[in-house]
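Have a look at the structure below before the remarks.
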Amino acid sequence: MKKSLMTLFLISASAILLMLPVLLQAQNSVTFHVDNMQAMTVTGPWVFDADNIGFPTQDQQCLTFAPAPAYLYHLYTFKTISQTGATTITCTAENMPMVANPSEVALEFLDHNLGGYTKVNTVSPNGIWNIMGQAGDIRRYNAGTATIKHNGTPVLYLLNADLRIMTPFPTQAQMRAAIPSTHPFEFWVGDVGTGLQPEAYGWADLDMINSDPAWLAAYANADNQVRFLISNVVYAIDFTQGTYSYDLQLLPATHEQLNSINTINPAVPATWNLPLPAQDLTFNFTAVTGGGVGSLMNTLTVNEINTPPDGTLPGSILWSDVKFWDVMSTLGSYTTSITFDVTGLALIDPVAYRVLKRDWYKADWVIWSDITLVDPTHVRANNLTSLGDFAIGSVDDPLPVELSSFAATTNAENMAILNWSTQSETELSGYHIYRSLEANQSTAVCITTSLITAGNTSTGASYSFADNDVTENGTYYYWLEAMNMNGTSDFFGPVTLNYTVGEGNNYVTDPDHLGRSILKSYPNPFNPNTTISFYLRDKDKVTVTIYNTLGQVVKTYQAKDYNPGWHNINWVGNNSNGQTVPSGMYLVRLSGDSCNLTNKMILMK
């Protein structure tokens, strides 16, 4: 099995983007060319499957994981980057006062290990990752060490080396060129990603005890760290490992980074509560599963970056402008809270604290709405199922509602329940709930028929809303709209509900436990189509008919035998002749021996 094949594409054959301006090249620096650095042990997190429409015997969806035993060609991440006997490292340039020429300088590496992994959309950074032609990933390799030698004598020791690489997945042409045409990849169809150049950056700590004082002075900075730039990467293909060559330049660091590498053992709950006082964080994990092959990957890496965050801010937010946190993991799945110690961040009003999150460094910052003010110096972000970059900010004028929690769950009767709590409410009219099948607010529809009245209390309040229209298995996204008395509103969310009920053979228990048939449609109002969903208590032969407000038949779905349970019909807003009908209200009727139900639908263009 050739599991490692696609991982070899994940560092490009062309130059990695240089991260800083050319003027910095005048600093003390040394540049090496690395040949045949090895990437080994293909047991990290899943990348994608080696199948698509060119492989008709498989599931033909390379960005979805096809479970074994039906499918085995899963591509996984390299776990280790290592210097071996085949590796050569040559100094090609230097700007050091104690060096006469580059031939005097050598570099040796020890292993870098995978400490974090996340998939990203390299075309639309705020979008979902699994879109053909746009998919990619970010890998974090850390815990590495390196030694620079001058005329054979070690002079500079680097500790805790940390490398971040963002790589778009390959194109169709790159896939087909991967290996000889005798392999099925010859028939690969479609771009997985853009196949463009990766971006990379990294840094390491200086060993202040064992390094030569003259070399330490050359790289002297307040943080005792170096940064490195990587360019001109090429690779060779093997079925069990990757072989890479690239240029590496070492420069003095521009700001401090404080790294922490931790183990979250799914089998040992005691490891799930993780205080990191040096980085002003505390993690509380639940529902932890390991990542990678055999679910054995369990690393959490936290990097406190002591420089103001970059990127696009949400409106009205002010940065604490001191630092932010970069958090990655190799875990398979989890839920966690993160408590931030905000002491020293120049924040004044605890009511105005905000937790900001972005999934990766090119995405926009968003406000994480599910927070709890623990005390004036600690704020907690709740119910995180993904990590990324985090920062703390505040608002000049606190919102009329201060939300402390917002969650979607199911109750014992398999009903979708929305719960939210506030810390305070002032001049607030009430709330509406919006729902969508996508993590995109523009596609959401309001599901509250009337405003949920606010309590407007300075001590906060708790609310609950039952979404009776959720009856089909799937993933649902919810937003909470807080309606202000001045006519404006604020949105919170989304929160996600993975709704799963039923016991095989399409039989689903009546969610209302009333022993009756049910007729619903979603979305409603709709444009351009809606799903007519009906539940049958008994096996029945039923007809679905759509009428306009004059009582005229618009479209009929002829009588058909249905088993007990839920069934769906998708109406695309047309009549029996296939013509599009105008905007307005329509009635849908379900008629059979055991039922005769009518429901309203609104087509809104």
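The values are calculated or read from the model by the stated rules, or taken from the named source; none is laboratory data. Nothing here was measured: the structure is a model prediction, and the numbers come from that model. We place every Cβ from the backbone using ideal geometry, glycine too, and count neighbours over all the protein chains shown. The accessibility values were calculated without ligands, DNA or RNA, using every heavy atom of the protein model including side chains. Shrake-Rupley method; radii C 1.70, N 1.55, O 1.52, S 1.80 Å.
Can you pull out the residues in the range 432-453 that are within 28 Å of the chain's Cα centre (by Cα) and open to solvent by less than 70 Å² (accessible area, probe 1.4 Å)? Matches in the range 432-453: His432, Ile433, Tyr434, Arg435, Ser436, Ala439, Asn440, Thr443, Ala444, Val445, Cys446, Ile447.
Listed here are the strands (runs of 3 or more DSSP E) enclosed by the range 406-468 that have at least 2 residues being touching a Gly at 6+ places or on another chain (Cβ under 8 Å): 416-425. Somewhere in the range 115-134, is a residue at positive phi and outside any loop (DSSP other than H, G, I, E, B)? Within the range 115-134 (the criterion being at positive phi and outside any loop (DSSP other than H, G, I, E, B)), the answer is no, since none of the residues qualifies. For Phe109, the requirement of being more than 30 Å from Ala439 (Cα to Cα), in contact with a Ser or Thr (Cβ under 6 Å, 6 or more places away or on another chain) and among the aromatic types (Phe, Trp, Tyr) is not met.
To keep it simple, each residue is scored yes or no on (1) farther than 23 Å from Gly430 by Cα; (2) modelled with pLDDT of 75 or more; (3) open to solvent by 30 Å² or more (accessible area, probe 1.4 Å).
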residue: Gly455; (1), (2), (3): no, yes, yes
residue: Thr459; (1), (2), (3): no, no, yes
residue: Phe465; (1), (2), (3): no, yes, yes
residue: Tyr477; (1), (2), (3): no, yes, yes
residue: Glu481; (1), (2), (3): no, yes, no
residue: Gly487; (1), (2), (3): no, yes, yes
residue: Glu503; (1), (2), (3): yes, no, yes
residue: Arg516; (1), (2), (3): yes, no, yes
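Within the range 577-599, which residues are among the polar types (S, T, N, Q), under 44 Å from the mean Cα position of the chain (by Cα) and surrounded by fewer than 11 Cβ atoms within 10 Å (Cβ to Cβ)? If the condition is that a residue be among the polar types (S, T, N, Q), under 44 Å from the mean Cα position of the chain (by Cα) and surrounded by fewer than 11 Cβ atoms within 10 Å (Cβ to Cβ), then Gln579 is the only one that fits.
Scanning the range 79-114 for residues that are under 30 Å from Leu387 (Cβ atoms), part of a strand (DSSP E or B) and among the aliphatic types (A, V, I, L, M) turns up Ile81, Leu114. Among the residues making up the range 311-342, those that are β-branched (Val, Ile, Thr), crowded, with 17+ Cβ neighbours inside 10 Å and in a loop (DSSP other than H, G, I, E, B) are Thr330, Val342.
Checking every residue in the range 346-368 against the condition of being in a strand (DSSP E or B), β-branched (Val, Ile, Thr), open to solvent by 20 Å² or more (accessible area, probe 1.4 Å) and farther than 27 Å from Asn265 by Cβ gives at least one match.
Residue by residue, here is whether (1) open to solvent by 30 Å² or more (accessible area, probe 1.4 Å); (2) part of a loop (DSSP other than H, G, I, E, B); (3) of a type in the set (A, V, I, L, M, F, W, C) holds:
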| residue | (1), (2), (3) |
| --- | --- |
| Val226 | no, no, yes |
| Val234 | yes, no, yes |
| Tyr244 | no, no, no |
| Leu250 | no, no, yes |
| Leu258 | yes, no, yes |
| Thr271 | yes, no, no |
| Thr286 | yes, no, no |
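Specify the residue that is farthest from the chain's Cα centre (by Cα); the eligible residues are those in the range 549-573 that are open to solvent by less than 30 Å² (accessible area, probe 1.4 Å) and within 19 Å of Leu603 (Cβ to Cβ). Once the filter is applied, the top-ranked residue is Val554. Evaluation of Glu402 against the conditions (1) more than 27 Å from the chain's Cα centre (by Cα); (2) modelled with pLDDT under 75 shows that the sole unmet condition is (1). Suppose the filter is assigned to a loop (DSSP other than H, G, I, E, B) and small (Gly, Ala, Ser); does Gly393 pass it? Answer is no for this residue. Among the residues of the range 538-547, the one identified as farther than 13 Å from Asn596 by Cα, open to solvent by 30 Å² or more (accessible area, probe 1.4 Å) and in contact with a strand residue (DSSP E or B) (Cβ under 6 Å, 6 or more places away or on another chain) is Tyr547. Listed by first and then second residue, the pairs with beta-carbon distance under 8 Å, at least 6 apart or on different chains, first residue in the range 79-96 and under 20 Å from Asn28 (Cα atoms), second of a type in the set (Gly, Ala, Ser) and surrounded by 14 or more Cβ atoms within 10 Å (Cβ to Cβ), are Ile89/Ala106; Cys91/Ala106; Ala93/Ser29; Glu94/Ser29; Asn95/Ser29; Met96/Ser29; Met96/Ala218.
Filtering the range 388-395 for residues that are among the aromatic types (Phe, Trp, Tyr), crowded, with 18+ Cβ neighbours inside 10 Å and within 30 Å of Glu304 (Cα to Cα) leaves a non-empty set.
Restricting attention to the range 288-298, the residues that are exposed (fewer than 14 other Cβ atoms within 10 Å of the Cβ) and either basic (Lys, Arg) or not in a helix (DSSP H, G or I) (or both) add up to 1. Here is the figure for the range 145-177: residues that are small (Gly, Ala, Ser) and open to solvent by less than 10 Å² (accessible area, probe 1.4 Å) total 2. Of Thr77, Thr84, Thr64, all but one fail to be within 29 Å of the chain's Cα centre (by Cα) and surrounded by fewer than 16 Cβ atoms within 10 Å (Cβ to Cβ); the exception is Thr64. Checking each residue in the range 24-52 for being modelled with pLDDT under 90, polar (S, T, N, Q) and in a loop (DSSP other than H, G, I, E, B) picks out Gln27, Asn28, Asn52.
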